[in-house]
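Input: a single structure, listed below in structure tokens.
The values are calculated or read from the model by the stated rules, or taken from the named source; none is laboratory data. Keep in mind that this is a model prediction, so the values were computed, not measured. Note that we place each Cβ from the backbone using ideal geometry, even for glycine, and neighbour counts take in every protein chain shown.
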Amino acid sequence: MTARAELTKNQLRVLERLEAATGPLSAYTLLDQLREYGFRAPLQVYRALDTLIKAGFVHRLESLNAFVACSDDHGHAHPHRMTAFAICDQCGQVAEFSDPLVGERLDAWVASTGFVTKKAVLEFRGTCAKCAAKAG
Ligand SMILES: [Zn+2]
Ligand SMILES: [Zn+2]
């Protein structure tokens, strides 16, 4: 498993951008923010993201095609088998939920059907508590 200390400069820069961001960022937004560091091609960003995702530092939000830093302890990465996200459509805030029990239950169910999983995505779209309170 990749530790933070093993990340390359480029990977660290991408990770730091995501950690500083208030919401998910697209690869192109990342590229724009990293041009001053010599990033020129989307491929450089995608390569860094790929490693960061595999190492568990970053998650890809499928429904937004954007990326967020893992909200777990950033000192050590541990990829979770099953992570759920609640994404606010109003303010873009993302909450991350990971529960080994829920993951095990879902794994067991999928395994019992003989299904072979490539990836699993759990994303809730809607309105966060803050925005719901404002609207109400
Ligand atoms: Zn995470
Ligand atoms: Zn919100």
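Here are the numbers for the structure shown:
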| item | result |
| --- | --- |
| Condition met for GLU123 (within 19 Å of ASP72 (Cβ to Cβ) and within 16 Å of ligand 2 (Cβ to nearest atom)) | yes |
| Where CYS70 falls short, out of the listed (1) away from ligand 1 (no atom under 14 Å from the Cβ); (2) modelled with pLDDT under 95; (3) buried (at least 19 other Cβ atoms within 10 Å of the Cβ) | (1) |
| Subset of the range 106-136 [in a loop (DSSP other than H, G, I, E, B), exposed (fewer than 13 other Cβ atoms within 10 Å of the Cβ) and more than 16 Å from ligand 1 (Cβ to nearest atom)] | THR113, GLY114, PHE115, VAL116, THR117, LYS118, GLY136 |
| Scan of the range 108-120 for residues that are within 20 Å of the chain's Cα centre (by Cα) and modelled with pLDDT of 85 or more, ordered by number | none |
| Out of LEU52, LEU34, LEU12, LEU64, sole residue that is within 16 Å of ligand 1 (Cβ to nearest atom), surrounded by 15 or more Cβ atoms within 10 Å (Cβ to Cβ) and outside any loop (DSSP other than H, G, I, E, B) | LEU52 |
| Among (1) in contact with a strand residue (DSSP E or B) (Cβ under 6 Å, 6 or more places away or on another chain); (2) at pLDDT below 95; (3) aliphatic (A, V, I, L, M) - the single one MET82 does not satisfy | (1) |
| Residue selected from the range 82-105 under the condition surrounded by 11 or more Cβ atoms within 10 Å (Cβ to Cβ) and over 20 Å from the mean Cα position of the chain (by Cα), by the criterion farthest from ligand 1 (Cβ to nearest atom) | ARG105 |
| Long-range neighbours under 6 Å by Cβ, at least six apart or interchain, first residue under 12 Å from ILE87 (Cα atoms) and in contact (Cβ under 8 Å) with a residue 24 or more places away in the chain within the range 111-136, second among the hydroxyl-bearing types (Ser, Thr, Tyr) and away from ligand 1 (no atom under 16 Å from the Cβ) | GLU123/SER63 |
